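J.: This structure is in structure tokens; I'll ask about it shortly.
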Amino acid sequence: MTALVLAAALAVGQSRITNAQVETKPAAQSLEREVAAATARGGARWIGYRLKVAAGHRGMDCFDRTRVALESAAEISVLARYEGTTLTRLRTTTPDCEIDAGGLPVTWFENVKADDSAAWLTSVIKSAGTSRERLNSVIKPALVALAMQEGNVATRSLIDLARDYQVASIRSEALFWLAQRAGQQATAAIVEAVDRDPDTEVKKRAVFALSQLPKDDGVPKLIEVARSNRNAAVRQQAMFWLGQSNDPRALKFFEDVLLK
């Protein structure tokens, strides 16, 4: 059963949506199918849902200067604007932000599972095209939403994007977000990018990602890169981030280099 309400200020899943005709419904099937059914009716509309933020991530803010959030949000809202069946824009925000839908209908899905969201966001990223406008309005926000959420499906998707996506800047972004998740899978994917990515700027971004890992994971890898990577710019980048680490192992490495 769905609820259809003309909202002046409606709290939906803890998100305050104004200036909208809001339809709230449970996600009874895959998110991809739910979105397809909602957008098949044609016209412009927003699709929205809410997810928990992965442990260790700092939530975003509303940029509302009249309020001060002393604690990071534990959840994010994902909002996608469609023209018919074409996704034109994607936004992420915190559930306590007031959302003005500009008079458009909003379909709000309750109880969306993290893995289902990750699968949908990944398909959005891979099918959005590579124009600059699409990168900024759809792909990068979808990547942020994917990176912020819980689950192994999200981690695996980030690894695949870091390894195979055709646009270097998105591979770099995926590497950055992988570093925030840490774990053996993430570390291995970052090291692989340092060694194998064809773009030097992506390699350098991967080195930065190593510097964001917990020190016991990142510092030994940075030393290895600084000592043996074939690319001089990559070695230099690794040495720079080692210098920023204030780690005794980095100091010992520099002493060894200088003494030689």
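J.: Would you mind listing the strands (runs of 3 or more DSSP E) fully within segment 1-53 where at least 3 residues are at pLDDT below 90?
T.: 3-7, 10-12, 15-18
J.: Would you list the helices (runs of 4 or more DSSP H) that sit entirely within segment 99-171 and hold 1 or more residues that are within 21 Å of VAL202 (Cα to Cα), more than 12 Å from the chain's Cα centre (by Cα) and among the acidic types (Asp, Glu)?
T.: 152-164
The values are calculated or read from the model by the stated rules, or taken from the named source; none is laboratory data. Remember, it's a predicted structure, so these values are computed and weren't measured experimentally.
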